[in-house]
Amino acid sequence: MPSGPAGGREREILTAIVETFIASGEPVGSRTLARASREGLSPATIRNVMADLAEAGFLEQPHASAGRVPTAEAYRYYVEQLSGEAHLSHENQNIIKDTLTGATDVEEFMERTSHVLSLISRSVGVTVATTGPRHALDHVYFSRLSEQKVLAVVVARSGVVRDRVLRLDISQNDLDLAARYINENFRGWTMDDMRAELARRLEQERSEYNRMMNSLEQLYQQGALAASQGTQSVFVDGAANLVTGDHDRQRLQDMLRTLEEKEKVVKLLAAYLDTKQEAVRVVIGLDEAGPSMQNFVLIGAPARVGGEVMGSLAVIGPTRLDYQHTMSAVSYIARLFDKLLNESE
């Protein structure tokens, strides 16, 4: 595997090729580079360097008469050379802040983040909100709406509120007793742990608190305390950005099918993003996710609140992507995540 161009001229020309191809999407020829060369290099000199870069595995030629395009190795080298952190334009910063300000819980923030990432990167924005202490139970409330109708409200520590209307006939007094029992015994528990323990207690304590446990059992069986589907919420936005691009149709269809399956999205981000990482990670060629993803890139980072990892955010797009801009956007949102959600508490 090539480690990088050997000389300064080769590095400069490879960088120019990558940036020119990202901007235009067209194979890059020696004449185009010669016109932009600060050293006044001739097309012939540049052609010789390009031939060396192609032999080293950094360039390929789609057609015999065409210019050259960067390979995955060229993009990897290019990303490694990006130093420091580019500053987002004030316009993009304002777009991000306007989109995310007002989000009061992790899931809302993640949903908005997937949208704004797709908007700014013109690729696919992907976010995953994981469960954790902030998703633990804060309190429940049950209200009898009418005969055979009970409103069940579950509030998590993160601020997420879930409500369900159940077909049950339980008096308000018994509902209050059930809510008090749950709030006094299970505040701070995750929903899965609470449901498991409650099922155990329903068997052991039925005779001791028969009437109240009967009410709890009915609420339990009707899904009053059910967690949201799956343990992780997945948000994907911007698939249409890829459809408008110049991609292999079959590979694109396969990729879109992957993104439609939430479990695969969770596995994709888990495979490439380390929750312990501090910096934005760039992965070029998502081969582990399947053949349809090998020509795509993932730029992502974990999302934290007060040091606790609450999920992941990423952009998935073609290798011809504005890396510096997208890396800066992901980094900016990851920092903003902690700031805005801490302010909302």
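The values are calculated or read from the model by the stated rules, or taken from the named source; none is laboratory data. Keep in mind that this is a model prediction, so the values were computed, not measured. Note: ideal-geometry Cβ built from the backbone for every residue, glycine included; neighbour counts use all protein chains shown.
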(Q) Looking at 186, 109, 142 in this structure, which one is within 30 Å of residue 329 (Cβ to Cβ) and among the aromatic types (Phe, Trp, Tyr)? (A) 109
**Q.** Among the residues listed as 319, 326, 275, the single one being surrounded by fewer than 17 Cβ atoms within 10 Å (Cβ to Cβ), in the same structural domain as residue 118 (by TED's automatic domain parsing) and hydroxyl-bearing (Ser, Thr, Tyr)
**A.** 275
Q) Just for helices (runs of 4 or more DSSP H) wholly inside the stretch 1-72: which have at least 1 residues that are touching a residue at least 12 places away in the same chain (Cβ under 8 Å) and under 27 Å from residue 242 (Cβ atoms)? A) 8-24, 30-36
Q: Quick one: count up the residues across the stretch 294-308 that are closer than 16 Å to residue 333 by Cα and touching a strand residue (DSSP E or B) at 6+ places or on another chain (Cβ under 9 Å).
A: 7
Q | the stretch 259-297, residues that are basic (Lys, Arg) and closer than 18 Å to residue 82 by Cβ | A | 281
**Q.** Failed condition for residue 164, given (1) closer than 30 Å to residue 332 by Cβ; (2) modelled with pLDDT under 85; (3) of a type outside the set (S, T, N, Q)
**A.** (1)
Q. Does residue 208 fit the bill of being more than 30 Å from residue 308 (Cα to Cα), at pLDDT 65 or above, assigned by TED's automatic domain parsing to the domain that holds residue 156 and among the acidic types (Asp, Glu)?
A. no
Q. If a residue has to be part of a helix (DSSP H, G or I) and farther than 24 Å from residue 74 by Cβ to count, how many in the stretch 253-301 make the cut?
A. 15
Q.
Here is a list: 66, 23. Which entry is outside the structural domain of residue 283 (by TED's automatic domain parsing), closer than 19 Å to residue 297 by Cα and within 37 Å of the chain's Cα centre (by Cα)?
A. 23
Q: Starting from residues that are in a strand (DSSP E or B) and at pLDDT below 90, keep the ones in the stretch 108-141 and report whichever is nearest to residue 269 (Cα to Cα).
A: 128
Q. If you scan the stretch 158-178, which residues turn out to be buried (at least 18 other Cβ atoms within 10 Å of the Cβ) and either of a type in the set (D, E, K, R) or in a strand (DSSP E or B) (or both)?
A. 166, 174
